[in-house]
Amino acid sequence: MRAYINDIAYRAEQGESILSFCNRILGKKSIPTLCDAPNLEAFGSCRICSVDVALEKGAKTKTMASCHSMVTEGMYIYPNSTNIRRLRKNIIELVLTDHPLDCLTCEVNGNCELQDVAALTGVREVRYPQGAHHLDRPKDLSHPYMTSDLSKCINCYRCVRACDEVQGQFVLSMAGRGFDTRIIKGMDQSFMESDCVSCGACAQACPTSAISDVFESKAVRTDTKVRTVCTYCGVGCNLEVSKTEDQINSIRAPYDATVNEGHTCLKGRYAFKFYDHPERLRDPMIKKNGQLEKVSWEEAYDYISSKLLHYKEKFGADSIAGISSSRCTNEENYLMQKFIRAVVGTNNIDGCARVCHSPTALGMQRTFGTGAATNSIEDIQHTNCILVIGANPTAAHPVTGARIKQFFMKSDNVSIVIDPRKTELAKYANFHLALRPGTNVAVLNMMLYYIIKEGLVAEEFVRNRTEGYEDFKKNILEIDINEMERISGVDRDLVREAAIAYASAPNAMSFHGLGVTEHSQGTFTVMQIADLALITGNIGRKGVGVNPLRGQNNVQGSADMGVQPHQGAGYLDVTDPEVIKKYENFYGVSLPRAIGYKIPEMFDAALEGKLKAIWIIGEDVVQTDPNTQKVIKALQHTDLVIVQELFMTETAKYADVLLPGASFLEKSGTFTNGERRVQRVNKVLEPIGNSKADGQIIIDIMNRMGYEQADYTPEGMLQEISQIVPFFAGIRWENLGVNGLQWPVDTQGKDTQILHSDTFKRGKGKFEFHPFEESNEIKLHAKDYPYILTTNRDLEHYNCGAMTRRTGNVLINTQDALWIHPDDAAQHGIGQNDWVCLESERGKVDVRALITRDIQPGVLSTTFHFPEIMVNNITSDEACSEALCPEYKVVAVRIRKSKGKHLAKV
Amino acid sequence: MSKNLSELSLRQGIIDGLFERISRTAVETGRADPKLLQQLADDFLIGSASTYGAASFYDFMKAENQGKKAYVCNGSACLCAGTQKAVHKALSRHFDSTQIGHMTCLGRCHENAAFHIDGKNYSGSDLTDIEKIIGQSQKNRDSYSVKANVELLTQEIGDLKSFYEPLIRLIDSKNLDKALEDIKSSGLRGRGGAGFPIGLKLQICRDVAADLKFIICNADEGDPGAYSDRYLLEERSHAVLQGMMIAGILVGASWGILYIRAEYPESVDQVQKAIEELQNLDLLGADIRGSGINFGFKIIKAQGAYICGEETALINSIEGQRPEVRTRPPYPTVEGLFNKPTVVNNVETLASLHYILKNGGESYRSLGTEKSSGTKLISLDSFFNVPGIVEVEMGTPLRTVIDEMGGGFRTAVKAMQIGGPLGGIVPVDKIDELTVDFESFARNGFLLGHASIVCIPEGFEMIKYLEHLFDFAQYESCGKCFPCRLGTKRGQELLEGAIVRGQKIDKQLFVDLLDTLEQGSLCAHGGGIPLPVKNALRYFSKELEPYFIHN
Ligand SMILES: Cc1cc2nc3c(=O)[nH]c(=O)nc-3n(C[C@H](O)[C@H](O)[C@H](O)COP(=O)(O)O)c2cc1C
Ligand code: SF4
Ligand code: SF4
Ligand code: SF4
Ligand code: SF4
Ligand code: FES
């Protein structure tokens, strides 16, 4: 198609707006706009983008808004005619009749779109006499992050649309009409009173300072900007950090980020002030006479290396263990496992994946051969059905959650949630299968049953690309539906309908979280989710697949780098002689032959006196691992506990040596997000105080202990990693670009969006049937402890909360709360916000009640972000039979109203 | 316009949809109850800002409406007739000033002195009987003259069964192509203002594949001075319903929605009655006459906002969103109500369809002019000796309408505003140059629009009329686009300053303002208001010049 700009012909695309056509040809911002934004739909309110258009050369022109008018064949466009320039100037003059003229003291002076456009139009005076205005609207400073000064509002609706189209929260709207139209939050409330989730999308979208944040993220300062990746969850949002010298000013989301497209949640955007919090650990410390005392790095290194060498010599290398951190970079995780294996000489290395997605890695490896997400976040745009199981992404993976929510709201899409709680997504879903916690396997077997019964099996796919189907089918058809319905508490017709909807969708994808894995049957559940994909042929193309929502920012990466006792860097089997040879050649030392301890086994070994030293990096096992008292005892039983941390966490309190690590803002490296995307983390600041990049600390000790390892640089480390991890073959620091690469990356540097397109890593996809089995926790304790407690996370806090509790987030979410159904609350005389004592076989804790119908009777749920509650005092030792992932999601408890005495001292 | 809100609203359907439920929150006190709005927001998962924001848009739900009991009509015709003061005075004897609000045009322009109490309209001599009126439960029907030079829309309905013959034939024969061909060849153009050919609209909507489609009858006749749609709704309801069903069947819509303005309570009753009659004929519901066709009607009573007559604002309103104008494309025919293909037509357009199906497209086309076929209803206000509704063949000289059918002016008139507040101001010396059709009006720099006539008497100052127009425009602006939200307000302020404080208006500024509105506005509300103003500046320059200065 051909169209003309200023009488010159250009090629235009079908369905392209005049605005994007002109911007494509004449360059970005060739046409000024005010209501348009990169991540929002065209809205047509400002009319600044108007252009003159004639249908043929020399014909009479008509003025049209270019943002929502489409280019048509043979159109003549005049983007900057005299008429248009006058129109824009006149519109701006009108805007200025209701806008304060105090640019010099305005927060966004120099970075204001209204200023820019006004300058461009050359408006020099406001000819209208003083009239009605909105200049006295009061500022809203109620919120720890969000601010508004609506006297600066130009009514462009960008904030309203961002809250709707991006976050899906509907906090903002307009009230009144005509000239009186004005932005409101909720029912004309303050940010703090409203349902705002502080994602900051509105502040970023606002072209003026009318909605902003306490960090003044749109202010122009003598700053530099560094692009990096969020340190919290596995979504892996890109962030643009602005700093002045050694101070971080604010964070914004780059629009060109594939992962988050200009969006973040409040953790990524606002929860960064932990980095220079007074409580940051700034010096190494050694416990002397029962007290941790500041020491020099030299002393700490000497102490650690001599101790470790001593234990190795005296008790053997297996008396030492390491827990690496999924919060650290790939390079650091690689170093830690290398240190433990090649320098210490044991496979006793594990990481937090143990307590979250170890069943995912294992289960998917068993079915597909690869333990990682099969598809990409972007595929949400290309699917017809999303099944969310055991996950609450709007809280735990907010940016992906927001995208899924957008998907759920559209009536043509199929949306299914399997979760005991009425999560935010469950409220929007077509099907909510509210099962009893611990019965995932029952419900998924029912789904598989109905898919077979209804003849919805993708026969050809099953024939060509899978094995074990006939046995599997036979077993599935034999399940007792009556029994499964009774056990799970989910109506069979609902399960049937959901199964049909999933199986009939042209493309269906699933997302799962810890509500799948943290169960005694966690690995089996993952395999069933994979079976659902296999049986319906939802594998190997866009918009389908099995997509674990990885918890920590780099939990994918830490596993990839070999942070598990049975597989080394690149998931190679550490007991395979071929592999051992390969690693030995590469590391230049001889390596241990036996599989090492998983985290729970480390604690058992400690209690048995077999473990002498443990080095824990960035992981608060005391607060976040189950059965707290046992963990504490285990640490007390270990001679040398080295904790490398940012803060004095609950675990750090038991350290003999405390090493101050660096936050993600203070070092470079890579993180791998939940869709296998390896992205560059770029250092913004030097490590604070005397702290050091974690990788450098490990390297220093390696060298002390006689292993030569060059100083920590991401370039150097990636060079090394790419030689040993097959799917990193083509990854180089220089080639990662701004949006990273999704592994596997071949030697040519080509990455992979979709796994298993033609074959599976293990050849064929494998069906494997497992019947439902009640957890021991229920079998043994349900009689005395009739309620089921399930733990979960909130949006505002991240796991143990060590970081988020040291930011403004703590003013928004101030405590762990116990979700309890009104009937249960009434039965125990529990009122809103009363203390409730939860008692399990292991102990007691007190939590404040939050009475809500979003939880079913008989089930309770709470978070574990605050150490004073210490919920893990009551969680059990039950774990996934295959992967040893703890069963956090099913705890048998009894409840009573209490006085709040069972609080941990912190 | 939010796609998400459309989708979430659709989830709970149209029968007791979000908008009606929002409307009910105001029944108690006249103001939408925040507690109930919160409840609705939770039920629909749309956030309280959405329900609160929507309610605050409408005259009859916003906070200022709390406690209002009686309303004075402040439409253009009542203004020019000078009846408002007396009405206000009479009402003040029974209500205190906080209980008296205003409504813009109750459609009683034929006798003016219009007011509204307790869901009922009154006008003319009713004023003398206020005591009797208060607490009365009967609806109050008015009467006015109806004349025609060709009887098409004004034809008696007669026996219902035979009146619905065209529809029944369509249902039984399923010869949809032929029916659509007839409508296209009739040349019928929309009567709501823009004059878009309905045949083309139906064709486009029919061509879009969708499982759910809608026909909307735009019965929000908001133009002060117009009451011809009210006439059709109340006196010829079945013509409207039949037209909707014909259009619905042609495009494959199963719902016909009538969006009727709150200021027409009697229309709601009459249409409801007609729907029940249609029900009794077994011409509604599922599988009509065993044809497999389903069709149902839904009346939605508006809540007081002129912009809801604009079709995309109307759609947002039905969805329970703020009735702000949407951008186009996509056009409603492709993505309309609840993001589904939707045909929106004016009452009068739809009421013409049965004639076309009965007599064929050519028969309709033979009436009127080349580009304006058929007949047109015209509303005459109380300045005529014979006020009321007239139906004329398109192309009829305006002089005939005024002198012969309307019986001439009762008192001296200097101009008429024809086609509503956005229609042109036609000085009386232009009457002989105009014929009643789209082209004649456009050619002469006016607008046929919906063809209501509001007379501006000799003694009425033009500057005041312009101020009234700008005041209406700013009060009714949806507020979405910059030029109209700000420009109509500033225009009103400039004129008020000139009238009240003697502040002269910078002529260049005023011209710039009109151009900005005309070229920059998103919809014809802001885009249309400059037309009458420019007419006035041209034809009444002498009278207006003293209020301006040239810098
Ligand atoms: C400000 C404004 C007010 C309008 N009011 C009405 C109205 O009251 N009734 C109506 O039928 N059309 C009204 N319209 C026109 C509608 O947008 C739309 O064009 C019409 O309903 C289409 O039907 P038609 O083609 O049968 O005329 C209005 C348009 C604007 C811009
Ligand atoms: S911060 Fe996010 S949730 Fe809050 S109002 Fe802005 S866009 Fe909406
Ligand atoms: S607050 Fe900002 S984004 Fe929202 S309407 Fe006002 S100027 Fe636009
Ligand atoms: S969604 Fe996850 S990665 Fe993105 S900003 Fe939030 S916590 Fe960070
Ligand atoms: S012209 Fe006026 S009524 Fe129309 S969209 Fe703009 S603000 Fe709304
Ligand atoms: S950018 Fe097109 S109207 Fe604002």
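Scan (1) more than 12 Å from ligand 4 (Cβ to nearest atom); (2) open to solvent by 10 Å² or more (accessible area, probe 1.4 Å); (3) farther than 30 Å from A:G689 by Cα; (4) more than 15 Å from the chain's Cα centre (by Cα) for the single condition A:E245 breaks and write down its number.
Result: A:E245 passes all but (3).
Under 6 Å by Cβ, and 6 or more places apart or on different chains, what pairs join a residue from the range A:190-203 that is away from ligand 5 (no atom under 16 Å from the Cβ) with one that is among the β-branched types (V, I, T)?
Between residues of the range A:190-203 that are away from ligand 5 (no atom under 16 Å from the Cβ) and residues that are among the β-branched types (V, I, T), the close pairs are A:S194/A:V171; A:D195/A:V171; A:C196/A:V171; A:A201/A:V166; A:C202/A:I211; A:A203/A:I211.
Report whether or not A:R182 is buried (at least 23 other Cβ atoms within 10 Å of the Cβ) and either modelled with pLDDT of 95 or more or touching an Asp or Glu at 6+ places or on another chain (Cβ under 8 Å) (or both).
Judged against the criteria, A:R182 is not a match.
Which one of A:E41, A:E16 is acidic (D, E) and without any contact (Cβ under 8 Å) to a residue 60 or more places away in the chain?
Step by step, each of A:E41, A:E16 is checked, and only A:E16 is acidic (D, E) and without any contact (Cβ under 8 Å) to a residue 60 or more places away in the chain.
Of B:I216, B:I198, B:I246, which residue is touching a Phe, Trp or Tyr at 6+ places or on another chain (Cβ under 8 Å) and of a type in the set (A, V, I, L, M, F, W, C)?
B:I216
Just to be sure, is A:Q130 open to solvent by 50 Å² or more (accessible area, probe 1.4 Å) and within 16 Å of ligand 2 (Cβ to nearest atom)?
No: the conditions fail for A:Q130.
Of (1) away from ligand 4 (no atom under 16 Å from the Cβ); (2) surrounded by fewer than 23 Cβ atoms within 10 Å (Cβ to Cβ), A:I92 satisfies all except one. Which?
(2)
Kindly evaluate A:H68 against the criterion of being surrounded by 17 or more Cβ atoms within 10 Å (Cβ to Cβ) and more than 9 Å from every other protein chain (Cβ to nearest Cβ).
When the stated conditions are applied, A:H68 does not pass them.
Look through B:F472, B:F441 and report the one residue that is within 16 Å of ligand 1 (Cβ to nearest atom), closer than 27 Å to B:L152 by Cα and either outside any loop (DSSP other than H, G, I, E, B) or open to solvent by 30 Å² or more (accessible area, probe 1.4 Å) (or both).
Only one candidate qualifies: B:F441.
Checking B:G449 against (1) at positive phi; (2) at pLDDT 95 or above; (3) more than 14 Å from every other protein chain (Cβ to nearest Cβ), only one condition comes out false. Which one?
If we test B:G449 against (1) at positive phi; (2) at pLDDT 95 or above; (3) more than 14 Å from every other protein chain (Cβ to nearest Cβ), just (2) comes out false.
Among A:A321, A:A317, A:A300, which is the only one that is buried (at least 18 other Cβ atoms within 10 Å of the Cβ) and either within 30 Å of A:C233 (Cβ to Cβ) or among the polar types (S, T, N, Q) (or both)?
Answer to the check: A:A321.
Show me the helices (runs of 4 or more DSSP H) found entirely inside the range B:35-110 where at least 3 residues are within 13 Å of another protein chain (Cβ to nearest Cβ) and without any contact (Cβ under 8 Å) to a residue 24 or more places away in the chain.
B:48-55
For the range B:168-207, enumerate the residues that are surrounded by fewer than 21 Cβ atoms within 10 Å (Cβ to Cβ), at positive phi and either in a helix (DSSP H, G or I) or out of contact with any strand residue (DSSP E or B) (no Cβ under 6 Å at 6 or more places or on another chain) (or both).
Result: B:K174, single match.
A:S194: outside any helix (DSSP H, G or I), on the phi < 0 side of the Ramachandran plot and either open to solvent by 10 Å² or more (accessible area, probe 1.4 Å) or at the interface with chain B (Cβ under 10 Å from one of its Cβ atoms) (or both), yes or no?
yes
Among the residues of the range B:21-33, is any more than 30 Å from B:I133 (Cα to Cα) and more than 9 Å from every other protein chain (Cβ to nearest Cβ)?
The answer is no; no qualifying residue exists.
Just to confirm my filter: which helices (runs of 4 or more DSSP H) fall fully inside the range A:741-846 and include at least 2 residues that are open to solvent by 20 Å² or more (accessible area, probe 1.4 Å) and closer than 30 Å to A:Y449 by Cα?
A:776-781
Can you work out which of the residues in the range A:281-297 that are within 19 Å of A:E666 (Cβ to Cβ) and surrounded by fewer than 21 Cβ atoms within 10 Å (Cβ to Cβ) is nearest to ligand 4 (Cβ to nearest atom)?
A:R282
Sort through A:D213, A:D223, A:D188, A:D195 and tell me the only one that's farther than 27 Å from A:H99 by Cα and within 14 Å of ligand 2 (Cβ to nearest atom).
Answer to the selection: A:D195.
Across the range B:334-379, which residue is surrounded by the fewest Cβ atoms within 10 Å (Cβ to Cβ) among those that are of a type in the set (A, V, I, L, M, F, W, C) and more than 16 Å from ligand 1 (Cβ to nearest atom)?
My answer is B:L367.
Among the residues of the range B:511-546, count how many are within 14 Å of chain A (Cβ to nearest Cβ) and of a type outside the set (A, V, I, L, M, F, W, C).
Summing the residues that are within 14 Å of chain A (Cβ to nearest Cβ) and of a type outside the set (A, V, I, L, M, F, W, C) in the range B:511-546 gives 11.
Identify, please: which residue in the range A:248-261 is within 16 Å of ligand 2 (Cβ to nearest atom) and closer than 16 Å to A:G740 by Cβ and is, among those, most open to solvent (accessible area, probe 1.4 Å)?
Selected residue: A:E261.
Criterion first (among the polar types (S, T, N, Q) and closer than 30 Å to B:Q66 by Cβ) does B:N140 satisfy it?
Yes; evaluated as a whole, the condition is true for this residue.
How many residues, within the range A:869-902, are closer than 17 Å to A:Q629 by Cα and open to solvent by 60 Å² or more (accessible area, probe 1.4 Å)?
Final tally of qualifying residues: 2.
Here are some residues: A:P254, A:P284, A:P278. Which one is away from chain B (no Cβ under 14 Å), more than 30 Å from A:A402 (Cα to Cα) and either modelled with pLDDT of 95 or more or within 16 Å of ligand 5 (Cβ to nearest atom) (or both)?
When all the criteria are applied, what remains is A:P284.
Output the residue which, of all residues in the range B:237-267 that are surrounded by fewer than 24 Cβ atoms within 10 Å (Cβ to Cβ) and in a loop (DSSP other than H, G, I, E, B), is farthest from the chain's Cα centre (by Cα).
The qualifying residue farthest from the chain's Cα centre (by Cα) is B:G252.
How many residues does the range B:501-551 hold that are part of a helix (DSSP H, G or I) and either in contact with a His (Cβ under 8 Å, 6 or more places away or on another chain) or of a type in the set (S, T, N, Q) (or both)?
Residues in the range B:501-551 being part of a helix (DSSP H, G or I) and either in contact with a His (Cβ under 8 Å, 6 or more places away or on another chain) or of a type in the set (S, T, N, Q) (or both): 6 in total.
With the structure loaded, tell me whether A:G669 is more than 19 Å from A:G322 (Cα to Cα) and touching a residue at least 24 places away in the same chain (Cβ under 8 Å) or whether it fails that test.
The answer is yes for A:G669.
Quick one: in the range A:142-175, of everything that is assigned to a loop (DSSP other than H, G, I, E, B) and in contact with a strand residue (DSSP E or B) (Cβ under 6 Å, 6 or more places away or on another chain), which residue is farthest from the other protein chains (Cβ to nearest Cβ)?
Top of the filtered list is A:Y145.
The values are calculated or read from the model by the stated rules, or taken from the named source; none is laboratory data. Everything quoted here is computed from the prediction, not taken from an experiment. Counting neighbours? That spans all protein chains shown, and the Cβs are built from the backbone with ideal geometry, glycine included. Please note that ligands, DNA and RNA were not included when accessible areas were found on the heavy atoms of the full protein model with its side chains. Shrake-Rupley method; radii C 1.70, N 1.55, O 1.52, S 1.80 Å.
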